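For reference, the structure is listed below as structure tokens.
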Amino acid sequence: MVLNALFRSAARSAPKATSVNHENAPAYALDSRTALAQLAATGCFSNTFYVSGQEQLGKVLEHAGRCDPAFVAKVAVYARERGFMKDMPAVLLAHLATRGPEGIAAMKTAFPRVVNNGRMLRAYVQVIRSGQLGRKSLGTAPKKAVQRWLGARSAMSLFS
């Protein structure tokens with residue numbers, strides 16, 4: 001038996017909550033980088049008990065807008081390769097295409113790792129064309145990324 005006088009647990013209290021959740025219960029606020037990473041790894045764009053798909057998209061875009069483009073690209077790659085997400089990485093890539101030169105450069109870097117099959121390519125194009133991110137056309141850089149992806153595939157791999 002361990003001697004209680006020597007190995008006593010230190011009494012600790014939890015830090016005070018800094019925010020509230022969707023049920024107005026005390027919660028801890030996350031910075032934008034942490035919140036984006038959490039949403040990218042666990043979020044879905046369908047309606048859930050607490051939040052609608054539109055609200056969740058708004059939160060993802062809000063947090064992504066506050067993060068630097070290189071980090072958003074890393075989150076998109078992580079969500080696709082490690083989180084096995086489908087729509088979230090496509091949305092993050094499409095968001096990068098709207099962020100100017102830095103965002104375009106980050107999108108070009110992440111594109112080959114995120115868009116690894118035809119379904120991901122279709123999701124990416126669909127997200128951009130939907131108009132939810134502020135544009136309805138691909139634009140030059142996304143169009144060239146799609147063309148490079150299509151050009152690197154054989155006819156058989158495109159149909160499978």
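The values are calculated or read from the model by the stated rules, or taken from the named source; none is laboratory data. Being a predicted model, the structure only gives us computed values, none of them experimental. All Cβ positions, even for glycine, are placed from backbone atoms using ideal geometry, and neighbour counts span all protein chains on display. For accessibility, only protein heavy atoms count, side chains too; no ligands or nucleic acids. Shrake-Rupley method; radii C 1.70, N 1.55, O 1.52, S 1.80 Å.
For the pair the stretch 38-93 and the stretch 100-132, the centres of their Cα atoms are 13 angstrom apart. Sorting the segments 63-76, 97-110 by their mean number of nearby beta carbons within 10 angstrom, highest to lowest, gives 63-76, 97-110.
Of ILE104, VAL146, VAL72, which is farthest towards the positive pole of the chain's charge dipole, taken about the Cα centre with +1 and -1 on the beta-carbons of Lys, Arg and Asp, Glu respectively? The residue sitting farthest along the positive end of the dipole is VAL146. Charges at C-beta only: +1 for Lys and Arg, -1 for Asp and Glu. How large is the resulting dipole of the chain about its Cα centre, in Debye rounded to 20? That gives the chain a dipole magnitude of about 560 debye. Along the axis of the charge dipole computed for the stretch 11-103 (Cβ charges of +1 for Lys and Arg, -1 for Asp and Glu, origin at the Cα centre), the listed residues ASN47, ALA17, LEU36 are led at the positive end by ALA17. Here, the stretch 113-157 has an Rg and a Dmax of 11.0, 34 Å when only alpha carbons are counted. Computing Rg and the Kirkwood Rh from the Cα coordinates of the stretch 1-109 gives a ratio, Rg/Rh, of 1.19.
Phi angles of the stretch 21-33 translate, via the Karplus equation with coefficients 6.51, -1.76, 1.60 and θ = phi - 60°, into HN-Hα couplings of 8, 5, 9, 6, 8, x, 8, 10, 6, 10, 6, 4, 5 Hz per residue; Gly and Pro are given as x.
Which of rounded, prolate, oblate describes the stretch 79-125, given a ≥ b ≥ c as roots of the alpha-carbon gyration tensor eigenvalues and a/c under 1.5 marking rounded, otherwise prolate only if a/b is larger than b/c?
Values: a/c = 1.89, a/b = 1.70, b/c = 1.11.
Because a/c hits 1.5 or more and a/b exceeds b/c, the stretch 79-125 counts as prolate.
The Cα atoms of the stretch 1-53 cover 54, 23, 22 Å along the three principal axes, with the biggest extent listed first.
What does the C-alpha gyration tensor say about the overall shape of the stretch 31-74? Classify as rounded when a/c is under 1.5, otherwise prolate if a/b is larger than b/c, or oblate. Kindly include the intermediate steps, with their values, before the conclusion.
Numbers: a/c = 2.41, a/b = 2.04, b/c = 1.18.
Taking the square roots of the gyration eigenvalues as a ≥ b ≥ c, the stretch 31-74 is prolate.
Listed by chain and number, the lysines whose C-alpha is less than 30 Å from the C-alpha of LYS108, apart from same-chain residues fewer than 8 away, are LYS59, LYS74, LYS86, LYS136, LYS143, LYS144.
Per residue, how large is the accessible surface of the stretch 1-79? Use a 1.4 angstrom probe and give square angstrom. Before the final figure, lay out each step's value.
Numbers: 5690 Å² over 79 residues.
Roughly 72 Å² per residue, with all protein chains present.
Every helix of 4 or more DSSP H residues in the chain counts as -39500 (n - 2.57), and over all residues that averages to -17500 deg cm²/dmol at 222 nm. Per the Debye formula on identical point scatterers at the alpha carbon atoms of the stretch 53-160, with no solvent, log10 I(q)/I(0) at q = 0.16, 0.21, 0.22, 0.23 Å⁻¹ is -0.64, -1.13, -1.24, -1.35.
Take every Cα pair under 8 Å whose residues are at least 6 apart in sequence, average their separation, divide by the length of the chain, and the relative contact order is 15 percent.
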